[in-house]
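What follows is one structure encoded as C-alpha coordinates, with my remarks underneath.
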(Lines give C-alpha, C1' and ligand atoms only; values in the text may rest on other atoms or scores of the structure.)
Protein backbone atom coordinates (compact mmCIF):
# COMPACT_ATOMS: atom_id res chain seq x y z
CA UNK A 1 0.00 0.00 0.00
CA UNK A 2 1.26 3.47 -0.88
CA UNK A 3 0.74 6.44 1.40
CA UNK A 4 -0.86 9.51 -0.07
CA UNK A 5 1.44 12.46 0.60
CA UNK A 6 0.23 15.98 1.22
CA UNK A 7 1.82 19.38 1.55
CA UNK A 8 0.67 22.11 3.87
CA UNK A 9 1.06 25.74 2.97
CA UNK A 10 1.03 28.42 5.64
CA UNK A 11 -0.30 31.65 4.14
CA UNK A 12 -1.12 35.09 5.42
CA UNK A 13 -4.07 37.02 3.98
CA UNK A 14 -3.15 40.72 3.93
CA UNK A 15 -5.90 43.32 3.74
CA UNK A 16 -5.87 47.09 4.14
CA UNK A 17 -8.77 47.09 6.66
CA UNK A 18 -8.22 44.54 9.46
CA UNK A 19 -11.97 44.48 10.23
CA UNK A 20 -12.68 42.85 6.87
CA UNK A 21 -10.71 39.76 7.97
CA UNK A 22 -13.54 38.88 10.36
CA UNK A 23 -15.86 38.35 7.39
CA UNK A 24 -13.62 35.69 5.80
CA UNK A 25 -14.50 32.01 5.97
CA UNK A 26 -12.81 28.87 4.71
CA UNK A 27 -15.22 28.41 1.77
CA UNK A 28 -14.35 31.85 0.43
CA UNK A 29 -10.61 31.12 0.65
CA UNK A 30 -11.17 27.75 -1.06
CA UNK A 31 -13.14 29.35 -3.89
CA UNK A 32 -10.58 32.15 -4.40
CA UNK A 33 -7.66 29.72 -4.59
CA UNK A 34 -9.53 27.36 -6.91
CA UNK A 35 -10.49 30.27 -9.17
CA UNK A 36 -6.88 31.54 -9.31
CA UNK A 37 -5.52 28.09 -10.17
CA UNK A 38 -8.17 27.65 -12.88
CA UNK A 39 -7.40 31.08 -14.34
CA UNK A 40 -3.65 30.50 -14.36
CA UNK A 41 -3.33 26.78 -15.17
CA UNK A 42 -6.62 26.03 -16.91
CA UNK A 43 -8.93 23.07 -16.39
CA UNK A 44 -6.07 20.62 -15.92
CA UNK A 45 -4.56 22.60 -13.04
CA UNK A 46 -7.93 23.21 -11.43
CA UNK A 47 -8.86 19.52 -11.58
CA UNK A 48 -5.46 18.40 -10.33
CA UNK A 49 -5.44 20.76 -7.35
CA UNK A 50 -9.02 20.21 -6.21
CA UNK A 51 -8.67 16.44 -5.81
CA UNK A 52 -7.63 16.62 -2.13
CA UNK A 53 -7.29 20.38 -1.67
CA UNK A 54 -8.78 21.82 1.52
CA UNK A 55 -8.51 24.74 3.89
CA UNK A 56 -7.51 23.13 7.18
CA UNK A 57 -7.35 26.20 9.41
CA UNK A 58 -8.31 29.87 9.15
CA UNK A 59 -7.72 32.42 11.88
CA UNK A 60 -9.96 35.32 10.93
CA UNK A 61 -8.32 37.62 13.49
CA UNK A 62 -4.75 37.27 12.21
CA UNK A 63 -5.43 36.18 8.63
CA UNK A 64 -3.35 32.99 8.90
CA UNK A 65 -4.46 30.08 6.72
CA UNK A 66 -3.31 26.46 6.43
CA UNK A 67 -3.95 24.92 3.01
CA UNK A 68 -3.62 21.18 2.37
CA UNK A 69 -3.11 19.76 -1.12
CA UNK A 70 -1.49 16.76 -2.82
CA UNK A 71 2.28 16.74 -2.97
CA UNK A 72 2.30 16.33 -6.76
CA UNK A 73 0.58 19.66 -7.42
CA UNK A 74 1.91 22.02 -4.73
CA UNK A 75 3.87 24.05 -7.29
CA UNK A 76 0.70 24.72 -9.33
CA UNK A 77 -1.14 25.98 -6.28
CA UNK A 78 1.82 27.92 -4.95
CA UNK A 79 2.35 29.70 -8.26
CA UNK A 80 -1.30 30.80 -8.38
CA UNK A 81 -1.37 32.46 -4.93
CA UNK A 82 0.14 35.82 -6.04
CA UNK A 83 -2.71 36.22 -8.54
CA UNK A 84 -5.38 36.36 -5.83
CA UNK A 85 -6.32 40.04 -5.65
CA UNK A 86 -9.66 39.77 -3.89
CA UNK A 87 -11.81 37.29 -2.00
CA UNK A 88 -15.56 37.29 -2.40
CA UNK A 89 -17.54 36.34 0.69
CA UNK A 90 -21.07 37.07 1.94
CA UNK A 91 -21.75 39.41 -0.96
CA UNK A 92 -18.63 41.48 -0.29
CA UNK A 93 -15.51 41.66 -2.38
CA UNK A 94 -12.51 42.09 -0.09
CA UNK A 95 -9.33 43.35 -1.82
CA UNK A 96 -6.33 41.46 -0.51
CA UNK A 97 -3.19 39.55 -1.38
CA UNK A 98 -1.98 36.21 -0.10
CA UNK A 99 1.57 35.90 1.21
CA UNK A 100 3.04 32.38 1.41
CA UNK A 101 5.13 32.01 4.58
CA UNK A 102 6.04 28.32 4.71
CA UNK A 103 5.55 24.97 2.96
CA UNK A 104 5.66 21.88 5.15
CA UNK A 105 5.01 18.17 5.03
CA UNK A 106 2.85 18.22 8.17
CA UNK A 107 0.63 20.66 9.98
CA UNK A 108 2.95 20.36 12.96
CA UNK A 109 5.96 21.75 11.05
CA UNK A 110 3.84 24.64 9.82
CA UNK A 111 2.62 25.25 13.37
CA UNK A 112 6.19 25.31 14.70
CA UNK A 113 7.16 27.77 11.98
CA UNK A 114 4.16 29.96 12.86
CA UNK A 115 5.22 30.09 16.52
CA UNK A 116 8.76 31.17 15.52
CA UNK A 117 7.37 33.70 13.02
CA UNK A 118 5.02 35.25 15.59
CA UNK A 119 7.82 35.43 18.16
CA UNK A 120 10.01 37.29 15.65
CA UNK A 121 7.18 39.69 14.86
CA UNK A 122 6.65 40.39 18.56
CA UNK A 123 10.38 41.04 19.06
CA UNK A 124 10.22 43.53 16.18
CA UNK A 125 7.27 45.29 17.81
CA UNK A 126 8.95 45.62 21.22
CA UNK A 127 11.22 48.61 20.36
CA UNK A 128 8.25 50.52 18.89
CA UNK A 129 6.24 50.55 22.14
CA UNK A 130 5.28 53.92 23.60
CA UNK A 131 4.90 53.05 27.28
CA UNK A 132 5.78 50.35 29.78
CA UNK A 133 2.28 48.83 29.71
CA UNK A 134 2.56 48.01 26.00
CA UNK A 135 6.03 46.53 26.50
CA UNK A 136 4.71 44.36 29.33
CA UNK A 137 1.86 43.03 27.13
CA UNK A 138 4.28 42.18 24.31
CA UNK A 139 6.71 40.45 26.66
CA UNK A 140 3.80 38.40 28.04
CA UNK A 141 2.76 37.47 24.50
CA UNK A 142 6.32 36.37 23.67
CA UNK A 143 6.48 34.15 26.76
CA UNK A 144 3.08 32.60 25.96
CA UNK A 145 4.13 31.42 22.48
CA UNK A 146 3.84 27.67 22.74
CA UNK A 147 2.35 24.75 20.84
CA UNK A 148 -0.84 23.45 22.41
CA UNK A 149 -1.44 19.77 21.73
CA UNK A 150 -4.56 19.16 19.66
CA UNK A 151 -4.93 22.75 18.46
CA UNK A 152 -5.65 21.53 14.95
CA UNK A 153 -8.20 18.92 13.96
CA UNK A 154 -5.99 16.95 11.56
CA UNK A 155 -2.73 16.91 13.54
CA UNK A 156 -2.53 13.17 14.15
CA UNK A 157 -3.51 12.34 10.58
CA UNK A 158 -0.94 14.73 9.12
CA UNK A 159 1.97 13.24 11.08
CA UNK A 160 1.14 9.79 9.67
CA UNK A 161 1.12 11.10 6.08
CA UNK A 162 4.61 12.60 6.14
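The values are calculated or read from the model by the stated rules, or taken from the named source; none is laboratory data. Since the model is a prediction, treat every value here as computed from it, not as a measurement. Note: ideal-geometry Cβ built from the backbone for every residue, glycine included; neighbour counts use all protein chains shown.
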Inset, instruction - State which residue is modelled with the highest pLDDT when the search covers only segment 143-162 and only residues that are part of a helix (DSSP H, G or I) and surrounded by fewer than 15 Cβ atoms within 10 Å (Cβ to Cβ). - result: 143
Inset, instruction - Evaluate the following for residue 129: is it assigned by TED's automatic domain parsing to the domain that holds residue 66 and surrounded by 13 or more Cβ atoms within 10 Å (Cβ to Cβ)? - result: no
Legend entry - Selection from segment 90-119 of residues that are assigned by TED's automatic domain parsing to the domain that holds residue 31 and farther than 17 Å from residue 57 by Cα: 90, 91, 92, 93, 94, 95, 96, 97
Legend entry - Matching residues in segment 56-90 - criterion: being in a strand (DSSP E or B), surrounded by 18 or more Cβ atoms within 10 Å (Cβ to Cβ) and without any contact (Cβ under 8 Å) to a residue 60 or more places away in the chain: 58, 64, 65, 67
Inset, instruction - Please state which one of 15, 37 is farther than 24 Å from residue 71 by Cβ, surrounded by 15 or more Cβ atoms within 10 Å (Cβ to Cβ) and in contact with a helix residue (DSSP H, G or I) (Cβ under 9 Å, 6 or more places away or on another chain). - result: 15
Legend entry - Qualifying position, being within 22 Å of residue 121 (Cα to Cα), out of contact with any strand residue (DSSP E or B) (no Cβ under 6 Å at 6 or more places or on another chain) and not assigned by TED's automatic domain parsing to the domain that holds residue 121, among 41, 61: 61
Inset, instruction - Confirm whether residue 30 is at pLDDT 90 or above, under 19 Å from residue 110 (Cβ atoms), assigned by TED's automatic domain parsing to the domain that holds residue 91 and outside any strand (DSSP E or B). - result: yes
